[in-house]
Amino acid sequence: MLSPEKEAVDEPPATAEATLAGASSRESGIAQEQAPSPLSTEEQDSVTTGPVATEIDTATETPSPAAEASLSVTADEGPRPQQLTRGQREQVRVRSDLLDRLVNYAGEVSIYRTRIEQQNGQLGFNLTELEQTISRLRDQLRTLEIETEAQILFRYEQDREVNAPLDASFDPLELDRFSAMQQVSRSLMETVNDLSNINNYLEELQSETDTLLLQQSRITTDLQDGLMRTRMVPFSQIVARLQRVVRQTGNQLQKQAELEILGAESEIDRGILERMIGPLEHILRNAIAHGIETPEERTAKGKSATGRILLQLSREGSDVQLVISDDGGGVDMAKIRKQAIKSGLLDPQAEVSDRDVLPFVLEHGFSTAQEVTQIAGRGVGLDVVVSEVKQLGGTLDIDSQAGQGARFIIRLPLTLAITDALLVELAGEIYAIPHTSIEGVVRVSLQELKACYDGQQKVYSYAGQDYQVRYLGSMLNVGQVDLSDQRKWYPLLLVRAGEHHVALQVDGMLGNRQIVVKSVGIQVATVRWISGGTILGDGRVALILDVTALVRSDAAQTAVRQPEVAKVEASTPEPGVGRTVMVVDDSITVRKVTGRLLERHGMNVVTAKDGVDAVAMLQEQVPDIMLLDIEMPRMDGYELARHMRNSEDLKQVPIIMITSRTGEKHRNLAMELGVRRYLGKPYQESELLDNIYSVLDEEAG
């Protein structure tokens with residue numbers, strides 16, 4: 001279950017301070033200071049978003065070390081401090097939890113705006129349909145008027161034979177004489193004109209609404225960006241703390257190590273920074289305990305006595321990348337392999353490469369320490385780091401080279417509240433995959449995809465890199481490979497998890513979206529590759545997948561069990577899935593209702609309003625089956641069926657006739673024209689589907 005925050009925004013506390021520096025006490029009744037008092041270390045960083053600087057005070061009686069970091073964002077350099085105006089020196093103290101809720105509410109506004117945009121788009125589509133319907137009605141009324149006008153002369157001659165009218169001197173072309181039918185047709189034409197005017201007015205309103213939504217989208221984006229900048233703090237705030245951890249750990253283990261940090265001036269979300277302090281400290285302690293050698297060992301290997309740990313912070317698009325590397329001895333693969341076998345994670349008889357063994361250090365409680373100390377051996381392994389990174393919507397990769405050191409690569413979103421993701425369709429459900437997990441998206445032909453699944457082509461090569469092709473649905477156990485729809489192209493997501501490169505096939509892609517990340521219930525959160533959920537514009541819920549963790553887990557299972565590459569299912573799919581059905585009926589309601597029914601069962605639907613329209617469409621596309629009505633303008637169902645039976649290209653198309661004329665005479669004529677099934681209106685959905693499936697089975701047989 002998603003748990004979006006719906007609580008009301010609290011009023012600012014009574015203790016909130018507003019200090020207006022530089023103003024005289026005569027200008028305001030508020031007690032003001034001539035010069036601001038010195039700030040503590042936690043208060044020195046202020047937020048500048050234009051003319052107003054905002055300070056964020058965590059306001060706790062005993063602040064935790066993680067809460068020591070205050071918020072500091074500078075939008076632009078601006079004038080020097082002594083040149084600042086009064087408005088630019090104003091500062092407001094805001095509680096951090098209130099700011100977090102404001103960011104969440106901004107995300108909720110974005111969700112509702114997306115829903116309104118979708119509904120407005122549907123309204124525009126229906127207005128276009130209404131305009132086309134009015135145009136058809138106007139043409140039909142014009143035809144009716146022409147027919148009724150032709151009867152004026154006949155009625156005039158008839159009236160003269162009965163009795164001479166008072167206005168007998170007027171010719172029929174000089175004075176119109178209207179019957180009741182003509183009066184009704186004129187009234188209908190006026191009604192159609194009124195409908196057309198209303199439709200034009202609604203189209204103008206819809207266009208204006210679309211413009212307003214676009215403007216509101218820009219303002220909402222600016223609001224979100226401003227709130228995000230307010231939450232940003234420099235990474236340098238925790239540099240001293242991390243260096244202290246390295247010094248203390250080195251002293252306890254009699255090792256010498258120094259920490260070098262590159263990119264400390266970069267800014268990161270305050271919430272992410274606070275939650276990453278613990279994992280970063282754990283990685284640093286792990287690097288000294290398991291990676292950095294003692295001074296004697298390093299000297300014997302020709303290295304400097306002091307180990308070097310490098311932490312690099314960089315920005316990649318909308319993501320933040322942390323790389324922690326050391327020049328130690330690297331990860332001991334033999335110890336990891338032995339511990340994995342001892343823990344039951346690895347089959348002793350399995351032939352597993354070192355790169356497949358390395359991810360075992362991320363398992364719960366996994367530790368290679370020989371003795372329990374304050375630094376290592378307590379059963380608290382890197383799984384704690386992985387869990388925290390995953391909850392933040394990031395990824396963790398490990399790389400190690402014997403004798404040269406290990407490297408941890410952490411990719412995190414720039415902010416927790418909103419992230420960019422790719423929406424994909426899989427077995428009828430929609431999933432969101434963050435951009436941080438995807439290297440690229442490609443299209444592959446049906447023939448090449450079949451070759452990959454059949455084993456004829458071992459890998460899919462792209463940009464000089466080989467990718468193992470897998471179906472994402474089978475990895476999630478929600479479906480199996482099905483290529484029966486015979487599409488020309490299929491989408492693949494290129495994903496990398498450490499040394500594993502996998503191309504994940506999905507059923508469809510719905511495009512990029514900026515999603516608001518929501519926490520999921522405890523039952524779903526235990527699934528390792530589900531990092532959260534989001535609410536789509538139409539109100540549906542989409543789970544956020546951590547495909548990197550999924551690929552890593554699947555690779556470990558593949559290495560142990562050695563399963564075969566997934567094959568295309570040999571079983572025959574549902575007869576109607578992927579088939580093209582043409583619905584020919586003059587009723588727009590019948591076309592829409594029937595089309596939606598067939599689309600729900602996986603069929604592709606093409607509609608035509610009468611026989612002439614169907615003949616034109618048959619020149620471009622030949623359907624697998626046709627649903628045909630009898631009574632239609634311009635060309636009825638019998639004429640269309642006769643035309644198709646006399647055509648070499650169309651005579652093999654099976655026809656199911658659906659009509660309100662259920663008499664035996666109509667049925668016999670249809671059967672003589674080669675109609676396969678004859679149904680009456682209104683039809684039962686199950687009956688129609690059964691007849692479609694049976695006809696398709698007969699064609700396949």
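The values are calculated or read from the model by the stated rules, or taken from the named source; none is laboratory data. Computed from a prediction, not measured in an experiment: that's the story for all the values here. Heads up, the Cβs are rebuilt from the backbone with ideal geometry, glycines too, and the neighbour counts pull from every protein chain shown. What goes into the accessible areas is simple: the full protein's heavy atoms, side chains included, and nothing from ligands, DNA or RNA. Shrake-Rupley method; radii C 1.70, N 1.55, O 1.52, S 1.80 Å.
Points worth noting:
- The listed residue being surrounded by 13 or more Cβ atoms within 10 Å (Cβ to Cβ), modelled with pLDDT of 85 or more, more than 30 Å from Arg513 (Cα to Cα) and among the acidic types (Asp, Glu), out of Glu203, Glu131, Glu149, Glu145: Glu131
- Enumeration of residues in segment 291-350 that are in contact with a Lys or Arg (Cβ under 8 Å, 6 or more places away or on another chain), modelled with pLDDT of 85 or more and of a type in the set (Asp, Glu): Glu293, Asp326, Asp327
- Here the condition is being touching a residue at least 40 places away in the same chain (Cβ under 8 Å), among the hydroxyl-bearing types (Ser, Thr, Tyr) and assigned to a strand (DSSP E or B); of Thr419, Thr415, it holds for Thr419 alone.
- Considering segment 432-460, the residues that are open to solvent by less than 50 Å² (accessible area, probe 1.4 Å) and under 26 Å from Arg275 (Cα atoms) include one that is modelled with the lowest pLDDT, namely Thr436.
- Only one of the numbered conditions (1) over 17 Å from Leu284 (Cα atoms); (2) modelled with pLDDT under 75 is violated by Leu392, and that is (2).
- Segment 501-524, subset among the β-branched types (Val, Ile, Thr) and modelled with pLDDT of 85 or more, residue most open to solvent (accessible area, probe 1.4 Å): Val502
- Annotation note: Cβ proximity below 8 Å between a residue of segment 434-457 that is more than 12 Å from Leu493 (Cα to Cα) and a residue that is assigned to a helix (DSSP H, G or I) and open to solvent by less than 30 Å² (accessible area, probe 1.4 Å) (sequence gap 6+ or interchain) occurs for Gln457/Ala451.
Residue-by-condition table, conditions (1) at pLDDT 70 or above; (2) hydroxyl-bearing (Ser, Thr, Tyr); (3) more than 16 Å from Ile283 (Cβ to Cβ):
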site	(1), (2), (3)
Pro359	no, no, no
Ser367	no, yes, no
Val372	no, no, yes
Ala376	no, no, no
Gly381	no, no, no
Val385	yes, no, no
Glu388	yes, no, no
Asp399	yes, no, no
Gln404	yes, no, yes
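- Selected residue [of a type outside the set (S, T, N, Q) and in contact with a His (Cβ under 8 Å, 6 or more places away or on another chain)] from Leu689, Leu669: Leu689
- Applying the criterion of at least 3 residues that are open to solvent by 50 Å² or more (accessible area, probe 1.4 Å) to the strands (runs of 3 or more DSSP E) found wholly in segment 241-352 leaves 257-262, 307-316.
- If you filter segment 84-127 down to residues that are among the hydroxyl-bearing types (Ser, Thr, Tyr) and assigned to a helix (DSSP H, G or I), you find that the one that is modelled with the lowest pLDDT is Ser96.
- Selection count, segment 477-500, where residues are assigned to a strand (DSSP E or B), closer than 30 Å to Ile398 by Cβ and modelled with pLDDT under 85: 3
- Note on segment 589-701: enclosed helices (runs of 4 or more DSSP H) holding 2 or more residues that are out of contact with any helix residue (DSSP H, G or I) (no Cβ under 8 Å at 6 or more places or on another chain) and open to solvent by less than 70 Å² (accessible area, probe 1.4 Å) are 611-618, 685-700.
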